[in-house]
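Inspection log for the structure reproduced underneath, given as structure tokens.
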Amino acid sequence: MRALVIDDSRAMRRIVSGILIGLGYEVRDAGHGREGLDVLDEGWKPHLLCVDWNMPVMDGLQFVSAVRSNPAWRSVTIMMVTSESEHTQIVRALAAGAHEYVIKPFTADAIRDKLALLGLLPEEVPAGVPVPLRSSEQEVAL
Amino acid sequence: MSLTATSFDWVRDLVRKESAIVLQPGKEYLVEARLLPMARQMGLTDVTKLVETVRVRPDADNTRRIVEALTTNETSWFRDGDPFTALTSTVLPSLLSARGANERLQIWSAASSSGQEPYTIAMLLDDALPNATSRVSITATDLSREMVQRTRAGRFSQLEVNRGLPAPMLVRHFTRAGNEWEVSANLRRMVNASECNLAAPLPRMGPFDVVYLRNVLIYFDLPTKQSILRRVRDLMRPDGWLFLGAAETTLGVDDSWERVVIGRSSAYRPLKGA
Amino acid sequence: MTTMDTGERRRSSDVRPVITDLIDGATVLSIAEEAWIALVGEDEILVPIPGEPPVDIVSSWVDIVGPWTGSVVLTTGRGTAEELSRALLREAAPEVLEHEDVEDAFGEIANVVGGNVKAALPGPSGLSLPQVGNAPVVRNPVDVCRVDVVWRGEPVSISVQGALPPLPVPSPTRENEVPL
């Protein structure tokens, strides 16, 4: 599985990428929507886009609209990962074509739960096994 | 008095055994912070005394409370999604055809914690049925008064709604209330929450068409498991459905149930004549 | 950047809420606590007491522009901002934290706290990108909701503060715009 993480904060890109890598993803990242489109234009085909909202140059909502208007990228799953958490904003993002929405702050579990909902967990944890509740990144934190 | 090494090791072993979560050494202060409210509630001055009390007199309820206090992650929405998929794919259609159009469906979420399970059920049924509010009644019970109150309030923190609640369901069924999210009045009307100790004689309830009794039996010994299953069965309709946790089964515990495989999950139905 | 109502031109007849009408300290504290638990670490506790303010301080903030306009400002010692950044990055933290790393991480914490403060206020509102440096000045002492906490023994303040000076006493006969 491949994911593209788009966030203007380097720290946040590292955190989200770290969680996804821990789950078995191959990850690339970009600092704003325009850079994200450039990565897609190269022909790299991610299964998942994790997109922040407020970014310079091109914000997350513009990016989502751009991706949704290109039939070549129709199959990609879009998950907003942002501190924008007004009810109306979430509705707007879903209407623009995002599938899921993770509100910052989030834990590694939140990302994993959402990917499970989307059927995008690379290694499905077998039923019946108590799930390790943290990604490897956070194992020390209980 | 701060937590002794023996007490910490005991808690560590317990939590690892019951939840497969490993508490790393150095997390003593976390154990203290999480268990202190429980100790105070029991009239004890510190966590070491709490651990001593529960060690000397093992008790399923207190054991469960300790494990829950240390495993906040137990409460995601659609936790192990399969029993919910089974509800809408198989159980609901079967019940709708077996029951009269005006018959109310009764569902019990036993050990409902802060309410994620009963509201998950409520959301699914509200999306599946045009008249869910009048058609379905969901009983949510938990041992803890605090959890029952939280379920009644139907308010969840930002971190809680992030845990496995699909975004379309969040915007459809919740509104923002300060920095929390509040479940719609419609769904709150479907859910009745009350205190209930599963290990004691149960109050008059039901009869239930569906019971979710997940990740509760694991905390009890065999005779208690058996009596809980018997009492639950007495509150169920003969053609009802019981869902247990993914790691739980009636097999080898109580042979008056029939296991039915639905997709990736299993349900248990009262055996006729058993 | 999308254009938004900057809220800077208002008529004297408008009733402008101050922040304490809209949010209380307990809500701001719980927003900060959630941010710390999720981003900094599950056992990172914020103790709600004021600490001795350090000499060398730094702030990060985001602006909220909408029915209420102002900033959500985090202020702490430079050393603490660095420690926070390290905690946020965990093992992804480089050996030597560059100035930009601290700006970025400390700014992101302001973004997360600010985004959630915004969502608790009447909307819709716009949220700016985070900035790091000397905190914006308080324009109206009444329009501030400030929470002081101690994290790992060091003081951190979270201030939700209006960007607009107090309104002049409205005159019922004039509908002129008041330059702000």
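The values are calculated or read from the model by the stated rules, or taken from the named source; none is laboratory data. All values derive from a computational prediction rather than experimental measurement. Don't worry about glycine lacking a Cβ; one is built from the backbone with ideal geometry, like all the others, and counts go over all protein chains shown.
Quick notes on this one:
- Looking only at residues in segment B:160-172 that are over 21 Å from the mean Cα position of the chain (by Cα) and not aliphatic (A, V, I, L, M), the one that is surrounded by the most Cβ atoms within 10 Å (Cβ to Cβ) is B:Pro168.
- Segment A:69-90, residues that are within 11 Å of chain C (Cβ to nearest Cβ) and either over 22 Å from C:Val113 (Cβ atoms) or among the charged types (D, E, K, R) (or both): A:Glu84, A:Glu86
- Test for B:Arg231: is it within 14 Å of another protein chain (Cβ to nearest Cβ) and basic (Lys, Arg): no
- For segment A:55-68, filtered to residues that are among the β-branched types (Val, Ile, Thr) and closer than 10 Å to A:Gly97 by Cα, the residue that is farthest from the other protein chains (Cβ to nearest Cβ) is A:Val67.
- Exactly one residue out of B:Thr139, B:Thr120 is outside any helix (DSSP H, G or I) and of a type in the set (S, T, N, Q), and it is B:Thr139.
- Taken over segment A:1-58, the criterion of being part of a strand (DSSP E or B) and touching a Ser or Thr at 6+ places or on another chain (Cβ under 9 Å) is satisfied by A:Ala3, A:Val5, A:Val27, A:Arg28, A:Asp29, A:Leu48, A:Leu49, A:Cys50, A:Val51.
- Looking at C:Val150, C:Val132, just one residue is modelled with pLDDT under 95, outside any loop (DSSP other than H, G, I, E, B) and surrounded by 16 or more Cβ atoms within 10 Å (Cβ to Cβ), and that residue is C:Val150.
- Of all the numbered requirements in (1) buried (at least 16 other Cβ atoms within 10 Å of the Cβ); (2) β-branched (Val, Ile, Thr); (3) within 26 Å of B:Gln158 (Cα to Cα), A:Val67 misses one, and that requirement is (3).
- Candidates C:Trp61, C:Trp68 - the one that is part of a loop (DSSP other than H, G, I, E, B) and either on the phi > 0 side of the Ramachandran plot or modelled with pLDDT of 95 or more (or both): C:Trp68
- Annotation note: Cβ proximity below 7 Å between a residue of segment C:18-40 that is closer than 12 Å to C:Gln161 by Cα and a residue that is of a type in the set (Gly, Ala, Ser) (sequence gap 6+ or interchain) occurs for C:Val18/C:Gly162; C:Ile19/C:Gly70; C:Ile19/C:Gly162; C:Ile23/C:Ala120.
- B:Asp127 falls short on exactly one of the conditions (1) assigned to a helix (DSSP H, G or I); (2) over 17 Å from B:Leu165 (Cβ atoms), and that condition is (2).
- Members of segment B:173-208 found to be surrounded by 15 or more Cβ atoms within 10 Å (Cβ to Cβ) and within 14 Å of chain A (Cβ to nearest Cβ), listed by number: B:His173, B:Phe174, B:Arg176, B:Gly178, B:Asn179, B:Glu180, B:Trp181, B:Glu182, B:Val183, B:Ser184
- Of everything in segment C:68-121 that is among the aliphatic types (A, V, I, L, M) and farther than 27 Å from B:Asn162 by Cβ, the residue that is nearest to the other protein chains (Cβ to nearest Cβ) is C:Leu97.
- Of all the residues in segment B:54-68, those that are assigned to a helix (DSSP H, G or I), of a type outside the set (A, V, I, L, M) and surrounded by fewer than 19 Cβ atoms within 10 Å (Cβ to Cβ) number 4.
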